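Below is one structure, written out as structure tokens; the observations come after it.
The values are calculated or read from the model by the stated rules, or taken from the named source; none is laboratory data. Keep in mind that this is a model prediction, so the values were computed, not measured. Backbone-built Cβ (ideal geometry, glycine too); neighbour counts: all protein chains shown. Heads up: the accessible areas ignore ligands, DNA and RNA and are worked out on the full protein's heavy atoms, side chains in. Shrake-Rupley method; radii C 1.70, N 1.55, O 1.52, S 1.80 Å.
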Amino acid sequence: MVENIPLLRHEHGGLTIEGYSRAAVQTCWRVNELKLLFDVGVQPWDFMGTSTMFISHAHLDHIAALPAYVSRRRMMKMDPPIIYLPDSAVDPAWKMLQDFRTLDRGAMPCELVGLLGGDETEIGREYLVEAVETRHTIDSLGFVVYQRRHKLKPDYTDLSGEQIRDLRMSGTEVTAETRVPVFAYTGDTNPKGLDQNPQFYDARILISEMTFVAPEHRKEKIHKHGHMHVDDYRDRSDKFKNELVIAGHLSTRYNESQVKRLVRRALPDGLGGRLKLWL
């Protein structure tokens, strides 16, 4: 296997999270069991086989490797991928791919699908991805992956199997769909991106950004530029209902030991042991 970037991996609740994320460098994520990619600031060779991608916004550290991803799949004779991204980024992204086609003399076969906040995308029969508006310096989206479950409606719980079957055959809908948020990804956002989308707090696994951790960095400026500080997590510590909160996109101005020390100072219990720094 070719290993071309420093991927990290973590398993939780039957889902394997893989990726790499540093602010202004590169961000990419894969949830292997869901067969979904999120952002493509870099394109790990191993991620090439996953054909569905959601891009949060068009800053270079989140989209720069899109041509490599599309081209590699073509080179390996894989089906064209489907790439979902903010609607305003579709035309510029397509132009970028065509410019690389001119440079590379190779086709860039893919489907680019523009999304707005509130749009829903079915991923097979079991899962659905909701796009939600976040708060960054350009158009940006976060994504919530729901598992769709069907439960017998209360009116029919006392019926026999044959009676339920007969109702189904007559065209009666005997089940109701419920949606369980199993995974969420905020992309880059200031705290309003969390607060205006409470489903982020409910997802079983949440990947969010924690770009800044030093107390001397002014939160007003951080928020203006569409990012979050560790203190934003502390201020909302009672809102996180997630089983696991992954904090990534840390600034390169900090080394690993600084991040751990400053986060431990701000959040001594690490959100009740549920916070994982992506370092």
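Output the Kirkwood hydrodynamic radius of the range 1-103, Cα pairs only, in Å rounded to one decimal.
Kirkwood hydrodynamic radius for the range 1-103: 14.0 Å.
The largest-to-smallest principal axis extents of the Cα set in the range 173-226 are 57, 17, 14 Å. Seen through its C-alpha gyration tensor, with square-root eigenvalues sorted a ≥ b ≥ c, the range 156-277 comes out prolate because a/c lies at 1.5 or above while a/b is bigger than b/c. Between their Cα atoms, which of K151/K260; K77/K276; K35/K95; K35/K221 are more than 32 Å away from each other? From K151/K260; K77/K276; K35/K95; K35/K221, over 32 Å: K151/K260; K77/K276; K35/K221. Over the range 41-152, accessible surface divided per residue gives 49 Å², non-protein components excluded, 1.4 Å probe. Normalising the average separation of contacting C-alpha pairs (under 8 angstrom, six or more residues apart) by the number of residues puts the relative contact order of the chain at 13 percent.
What net charge do the residues around G124 carry, taking every other residue with its C-beta under 11 Å from that of G124, with Lys and Arg at +1 and Asp and Glu at -1? Result for the neighbourhood of G124: +1. Taking the accessible area of the chain, probe 1.4 Å, and keeping the other protein chains in place, the carbon and sulfur fraction comes to 48%. Taken along the Cα-to-beta-carbon direction at a fixed 7 Å, the label points for R9 and R101 span 3.6 nm. Seen from V40, the other residues with C-beta closer than 13 Å to its C-beta sum to a net charge of +1, counting Lys and Arg as +1 and Asp and Glu as -1. Subtracting the Cα-Cα distance of D235 and R168 from their residue separation scaled by 0.36 nm leaves 19.2 nm.
Take every DSSP beta bridge with both residues inside the chain and express the antiparallel ones as a percent of the total, to the nearest 5. Among the beta bridges of the chain, antiparallel pairing accounts for roughly 60 percent. S21 sits with roughly 10 Å² accessible to a 1.4 Å probe, with DNA, RNA and ligands left out of the calculation. Which whole-number percentage describes the relative contact order of the range 1-80, with Cα contacts under 8 Å and a sequence gap of 6 or more? Averaging sequence separation for qualifying contacts and normalising by length gives 22 percent for the range 1-80. Note on W94 and I138: their simple-model spin labels are 1.8 nm apart, each label 7 Å out from Cα toward Cβ.
Within a Cβ distance under 14 Å of L8, other residues only, what is the Lys/Arg minus Asp/Glu net charge?
Charge balance near L8 sits at -1.
Using C-alpha pairs under 8 Å with a sequence gap of at least 6, the mean separation divided by the residue count of the range 97-236 gives a relative contact order of 19 percent. Using only the Cα atoms of the chain, each taken as one equal point scatterer with no solvent, compute I(q) by the Debye sum, divide by I(0), and report log10 of the ratio at q = 0.11 Å⁻¹. Normalising to I(0) and taking log10 leaves -0.66.
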